[in-house]
Structures are given as structure tokens and as C-alpha cells.
1. Scan segment 113-163 residue by residue and report those that are in a helix (DSSP H, G or I), within 16 Å of the ligand (Cβ to nearest atom) and among the polar types (S, T, N, Q).
2. Exactly one of these conditions fails for V303: (1) under 17 Å from R123 (Cβ atoms); (2) outside any loop (DSSP other than H, G, I, E, B). Give me its number.
3. As an exercise: evaluate R361 against (1) under 26 Å from the mean Cα position of the chain (by Cα); (2) crowded, with 22+ Cβ neighbours inside 10 Å; (3) not hydroxyl-bearing (S, T, Y) and give the number of the one condition it does not meet.
4. Restricting attention to segment 368-376, does a residue exist that is more than 26 Å from R110 (Cα to Cα), open to solvent by less than 20 Å² (accessible area, probe 1.4 Å) and touching a residue at least 60 places away in the same chain (Cβ under 8 Å)?
5. Which numbered condition in (1) free of Cβ contacts under 8 Å to residues at least 60 places away in the same chain; (2) within 16 Å of the ligand (Cβ to nearest atom); (3) open to solvent by less than 10 Å² (accessible area, probe 1.4 Å) is the only one that I275 fails?
6. Mind counting the residues in segment 211-226 that are of a type outside the set (D, E), away from the ligand (no atom under 11 Å from the Cβ) and out of contact with any Gly (no Cβ under 8 Å at 6 or more places or on another chain)?
7. Just a yes or no: is a residue in segment 391-401 touching a helix residue (DSSP H, G or I) at 6+ places or on another chain (Cβ under 8 Å) and open to solvent by 70 Å² or more (accessible area, probe 1.4 Å)?
8. So, in segment 216-244, of the ones that are open to solvent by 30 Å² or more (accessible area, probe 1.4 Å) and touching a residue at least 40 places away in the same chain (Cβ under 8 Å), which residue ends up nearest to G189 (Cα to Cα)?
Amino acid sequence: MPPSTATQAIVAETTQRDAVVTTDAATLPVERSDFDRWMVTCYAPASFVPVRGEGSRLWDQDGRMYIDFASGVAVTALGHCHPALVKAIETQARRLWHVSNWFTNEPALRLAKRLIDATFAERVFFCNSGAEANEAALKLARRYAHDRSGPQRTRVVSTLNAFHGRTLFTVTAGGQAKYATGFGPNPSGFTHLRYNDVAALEAEFAAHGPEICAVILEPMQGEGGMTPGTPEYLQAARRLCSAHGALLILDEIQSGMGRTGALFSYMQKGIVPDILTSAKGLGGGFPIGAMLTTTEIASAFTVGVHGTTYGGNPLACAVAGAVFDIVNTTEVLDGVKARHALFMEGLRAINARRRVFRALRGEGVWLGCELEEPLRGRSVDVMKAAGDAGLMVLVAGPDVVRIAPSLVISLDEILEGLARLETALDRAVA
Ligand SMILES: *Cc1c(COP(=O)(O)O)cnc(C)c1O
């Protein structure tokens, strides 16, 4: 029996694409205090609500302007609403958003080709976040070792104070107890060693070489306090992994996509990883992650052994493709180095006047300002004072204020932001 005309009418009615749909989703009045009522309380957001951004300026619900030295958390690498990214997302939004991984798509293939041409990699796996990229990397390393060396090679070496994401596997890899306790039993087989400690790494390999499947490292520890990896340390990690048949996983989720003045930080450190993870700046604010590796290692992920629904979706890959084309140019990368010099000069001048920093470190537009007494341990107070002064900054632990602006932040925005930072430091001291 064919469906009734009433049924057919309902189908026809609900197929209308041009009908004007009334929804208050975009106009329902909301405010900061609603967060405390409705949201899961794993965040403590600032007292204001940003509503609009342009370049490195943001405006809140009251129309107050903020200079953005945070770019999300080192995410909006080209500032807010960059015209080329708006165009890429609009164009793709009219064409195709999602097809699943039962189909491939043009933006994903184009982005993969660009990443491969620009790096050591021969294969790319796309996902939606940094944690997922590291999850894929760790699973791949274990699987590769399992298939090639047998079941004893499962140990992962990582570092104290590392940050690799918030899935159970990646918090376990990260060496910060505050993120990993209370969720047990955690995955086993991890060793955490002191970062930049070559002797500890050598001792670990000497004791357990045949059991180690991977070393996972950030080229510079970001969340953990803005600690750059020394070239000797990174090169020792590379040498030991190669000598013992372990894989070197570089977590470039924060350090990558131009932030240090190179497309990826490893390019300046004299090492080549076996697996590299990217996210954050990769999508310029649109969620995307990627795991890059060689054909040989990638072969351990045969059809069906790993996957994700949204990974490599056309919308994300179209935006990331536009980000990539802009970031991977000598103008933008040289511009990052020039901005580094400007920031360091400005921060040193503040310190000469105020004596608020014990140390200034970092690379490119990725800077750590280690606080001096009486601000030691009070980075969050400085961040809040900055908000009050119309500036967004980040912290990296209790002692370090982290600055990670857009790679293309303007001179005016840098100077205005530094002036606001000085005001904030002054108020925080008072
Ligand atoms: C932010 C970050 C992650 C986690 O990325 P998410 O997108 O938050 O999952 C992992 N590693 C490093 C080095 C990061 O900075």
C-alpha cells in the first residue's frame, strides 16, 4: 500500500529548504552568570563574554575592546575572522560539509598534499582536536610495535610537566598529576622523565630499550611552563629512538603551524620525528587535528583499526587549507621572527621599569614571562588584571604568563597590548 497523501504531505512540508524558520537560537539573551547555572563546571571563564573579533581585537557584550595576546589558546593563528578564512568557510559551506570517511573528499586530499609536500611526512590522518591526534599517535606507535616487534614493546616514555591532551591515554602521557589523578585505573606502561634530562633518557633506554615503543615530547613545553627543549636533548631523543627501534612522536600541537617562526618547530631543531601531531593553529579556530607520519609506520593502521566520524571533514579541511597557504609563506614566517624581536624588546622595557619578570623565554610569537616576587605563583591574578585592563593573555602554570598572539598581529596591536600588560602588572602588584 502506498503511503497516504497525508504522510506524503508531511514529508513534502518538512522538506522545504527555503521556508523561513523561526528560531531564537541566535537572539536568546544570555550572560556570564548563566555559565554557572548551565555549564559543567570544569572551566572558570573570565567575567566578560566576547561576542565579536577582528584581527587581534575582540569586543565583549558591553562593547569593551580587548587586545588579544592569547588567540584562544594559541589557536587563532591568523587572528579573528581573517577574510581569506571567512571566504574559505563560506565557499565550502555552500558546497559540502560532511560525508563521513566512507567517502574521501577534495579539501582533505588537498590539505594532506600540502602537509606532505612541506614536511617529512608521507601520510596524514585527520581528526578533530589535539588530544585525538596524540591518541592516534600513541595507538599507532603501540600497534606498529605490536605488529613489528611483538607484544613486549609497549612502554611509552614521556616527560614530567608535559601536556598532551585530556583523553585518558593522553592525560596519562602528560606528566601533570593534577590532570591524571582520580580517573584510574589509567592506561599502564608509561615512564615520565625530567624534560631536558639527557642522562635520564639514556638510562631509561639502557634499562628498557627493547620494551620502549615510543618517546612523546613537545619541542617546547607549553602548558608546563614554556620550557624550550634544548637541541642536545631533542637530538638525544632522536638518536636513542633510532638506535633502539622506538618511534619519536613530536607533539607540535602548540608549537606548530608557524608559531615559532618555522612551519613546524622540528625544522629548526635538527631532528625529524617519526610521527608529528598538529591541531590548534592548524584550523585557525576551526576544530581540526592531524597526525603526520611515514608510509612504513602508517601501514600499521589497516582498514578499520582506527577512525573518527568527523575527522577530515570538508569544512574543517577547507579552512585549514586556507590557513596553511597563508602561514606557509616566508612573509608570514619571517614576520613571526620580527614580531618576536618586538615583543622581547617591549617586555624587557617593561621589566627594566617594573622588575616583574625573573625570566623571559620562548620562540616566535610564543613567549613565557616568568614572574618575579611579589607576583610569583600569581599568574592567574595577572591574567585577570589583564582582562580588566582590556588584554587577553594566558598562563603556563602558576609562575608564567604566556603570550601567544596571532602570527599576523599588527604593530599597533602589539604596542597597545604591551601597554595594557604593563598596567595590569602594576595593578596586580598593588
Ligand atoms: C592543546 C594541546 C593539546 C591538546 O589539544 P586539544 O585540542 O585541547 O585536545 C595537546 N598537546 C599540546 C602540546 C597542546 O598544547
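The values are calculated or read from the model by the stated rules, or taken from the named source; none is laboratory data. Only a predicted model underlies this, so the values are computations on that prediction, with no experimental measurement involved. Counting neighbours? That spans all protein chains shown, and the Cβs are built from the backbone with ideal geometry, glycine included. Protein only, heavy atoms only, side chains kept; ligands, DNA and RNA dropped before computing areas. Shrake-Rupley method; radii C 1.70, N 1.55, O 1.52, S 1.80 Å.
1. Within segment 113-163, just N134 meets the criteria.
2. (2)
3. (2)
4. In the first step, residues of segment 368-376 are kept if they are more than 26 Å from R110 (Cα to Cα); the result is 368-376.
With the extra rule that they be open to solvent by less than 20 Å² (accessible area, probe 1.4 Å), the set shrinks to 368-369, 371, 375.
Now restrict to residues that are touching a residue at least 60 places away in the same chain (Cβ under 8 Å): 368.
Scanning segment 368-376 turns up at least one residue that is more than 26 Å from R110 (Cα to Cα), open to solvent by less than 20 Å² (accessible area, probe 1.4 Å) and touching a residue at least 60 places away in the same chain (Cβ under 8 Å).
5. All conditions pass for I275, except number (1).
6. So the count comes out to 4.
7. First, pick out the residues of segment 391-401 that are touching a helix residue (DSSP H, G or I) at 6+ places or on another chain (Cβ under 8 Å): 391-401.
Among the residues that remain, those that are also open to solvent by 70 Å² or more (accessible area, probe 1.4 Å) are: 398.
Yes, that holds for at least one residue.
8. Step one: of segment 216-244, the residues open to solvent by 30 Å² or more (accessible area, probe 1.4 Å) are 223, 227-228, 230-232, 235, 238-239, 242-244.
Within this subset, residues satisfying the condition of being touching a residue at least 40 places away in the same chain (Cβ under 8 Å) are 223, 227-228.
Values: E223: 23, T227: 25, P228: 26 Å.
This residue is E223.
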